[in-house]
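Colleague: Attaching a single structure in structure tokens format; questions to follow.
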């Protein structure tokens, strides 16, 4: 986005993106946007210099090809900003003005992607607040295509030495990645090499997870392997919503069966409970 784009210029672009061609005049623009014709003319002069708009002989203004792309980008980012501010309890009368100012500040695309991810989380919490039983597929119905990152914990099935955390926690990078495409999702876990001292020999041993299965419809199914990642469908996760309002926590879990290789040896399979949090 051009650095010189002001809040009013953004507002004008959004108007021209949606207005009927016959309404794209200085007079109509000023009336609809509640300003003077001089202010509109001045804004159009600046936008024309940046090849964002083009004035025609019939006193109408059209968006150039690059101008239309810019306006569509502004529209999408405005929606993200407005929804994010709504979830942050910003007074409704202040949301549009604050969103225009924020957009004019010229945030990077990377920042807006992260903000969109945060807005998506908040929207999920609002939609599923109070729900007692739903699965990961339900969540994907409300997510746009892309990657989402969530923290997780892997628990033992049985408490051992007064501790219910599984050693499998050390075998994966945190957070996990949920990749959504066409409202279907896969959970990706990045495998790490784990070092530990052998209780029998005292030697340092290194191992890593090389096989994973997930419980679905009462049976264990093979998870996928993609380089250093293992993955399984998000539909395997059973969710429950806890808490209220902004403090709602979505808690999804599934039983995993994993096998670890240590050198040339394959350790016995072990089961644990993978738990993902959307907060």
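Since every read-out is calculated from the coordinates, none of them should be taken as a lab result. Please read these numbers as outputs of a predicted model, since none were measured by experiment. Glycine also receives a Cβ, built like all others from the backbone with ideal geometry; neighbour counts cover every protein chain displayed.
Colleague: For the residues 23, 204, what sequence is obtained by ranking on other C-beta atoms within 10 Å, fewest first?
Modeller: On the way: 23 15, 204 9.
Taking fewest neighbouring Cβ atoms as first place, the list is 204, 23.
Colleague: Order of 145, 226 from fewest to most other C-beta atoms within 10 Å?
Modeller: Lowest count first: 226, 145.
Colleague: Hey, fewest Cβ within 10 Å first, where do 261, 104 land in order?
Modeller: Placing the least packed residue first, the sequence is 261, 104.
Colleague: Which whole-number percent is the relative contact order of the chain (Cα, under 8 Å, 6+ apart)? Don't skip to the end; give the middle numbers.
Modeller: On the way: 476 pairs, mean separation 43.7, N = 279.
Relative contact order of the chain: 16 percent.
Colleague: Between 0 and 90 degrees, rounded to the nearest ten: what's the tilt of helix 92-104 against the longest Cα principal axis of the chain?
Modeller: On a 0 to 90 degree scale, this one is about 90.
Colleague: Specify the inter-centroid distance of the stretch 230-250 and the stretch 31-91, based on alpha-carbon positions, in whole Å.
Modeller: 38
Colleague: Still on this model: Looking at the square roots a ≥ b ≥ c of the eigenvalues of the Cα gyration tensor of the stretch 66-185, which shape do they give, rounded for a/c under 1.5, prolate if a/b is larger than b/c, or oblate?
Modeller: Verdict is prolate for the stretch 66-185.
Colleague: Run the numbers on the stretch 7-107 and let me know its relative contact order in percent, using alpha-carbon pairs under 8 Å that are six or more apart.
Modeller: 30
Colleague: I've got another one for you. Extent of the stretch 168-241 along each principal axis, from alpha carbon coordinates, in Å, largest to smallest?
Modeller: For the stretch 168-241, the Cα spread along each principal axis is 49, 26, 25 Å.
Colleague: Also, quick follow-up: Angle between the Cα long axis of helix 65-87 and the longest principal axis of the chain, 0 to 90 degrees, nearest 10?
Modeller: Long axis of 65-87 versus the principal axis of the chain: about 60 degrees.
Colleague: When the helices in the chain are scored as -39500 (n - 2.57) per DSSP H run of 4 or longer and the sum is shared across all residues, what 222 nm value do you end up with, to the nearest 500 deg cm²/dmol?
Modeller: Helices in the chain give a 222 nm mean residue ellipticity of -11000 deg cm²/dmol.
Colleague: List the pair-distance distribution P(r) of the stretch 91-151, using every Cα-Cα distance, as the percent of pairs falling in each 5 Å bin from 0 up to the bin containing the longest distance, rounded to whole percents.
Modeller: 4, 13, 20, 21, 17, 13, 8, 4, 0
Colleague: Additional query: According to a simple spin-label model (label point 7 Å from Cα along Cα-to-Cβ), what is the distance in nm between residue 217 and residue 105?
Modeller: 4.9
Colleague: Pairing the Cα long axis of helix 7-18 with the longest principal axis of the chain, what angle in degrees results, from 0 to 90 and rounded to the nearest 10?
Modeller: 90
Colleague: Also, I was wondering about something else. What is the gain in length, in nm to one decimal, between residue 64 and residue 38 on full extension, counting 0.36 nm per residue of separation less the C-alpha to C-alpha distance?
Modeller: Numbers: separation 26, 0.36 × 26 = 9.36 nm, distance 2.20 nm.
Working it through step by step, the gained length comes to 7.2 nm.
Colleague: Here's something else I'd like to know. Which three semi-axes in whole Å describe the equivalent ellipsoid of the stretch 134-278, each the square root of 5 times a Cα gyration tensor eigenvalue, listed largest first?
Modeller: On the way: eigenvalues 163, 59, 37 Å².
Sorted largest first and rounded, they come to 29, 17, 14 Å.
Colleague: Rounded to the nearest angstrom and ordered from largest down, what semi-axes does the equivalent ellipsoid of the chain get from its C-alpha gyration tensor (root of 5λ)?
Modeller: Numbers: eigenvalues 549, 77, 49 Å².
After diagonalising the Cα gyration tensor, the semi-axes are 52, 20, 16 Å.
Colleague: How compact is the stretch 14-111 by the rule of thumb for globular proteins, expressed as Cα Rg over 2.2 N^0.38 Å?
Modeller: Output field value: 1.16.
Colleague: Please find the FRET efficiency linking residue 177 to residue 96, where r is the Cβ-Cβ separation and R0 is fixed at 35 Å, and quote it to the nearest 0.05.
Modeller: Once the sixth-power term is evaluated, E becomes 0.55.
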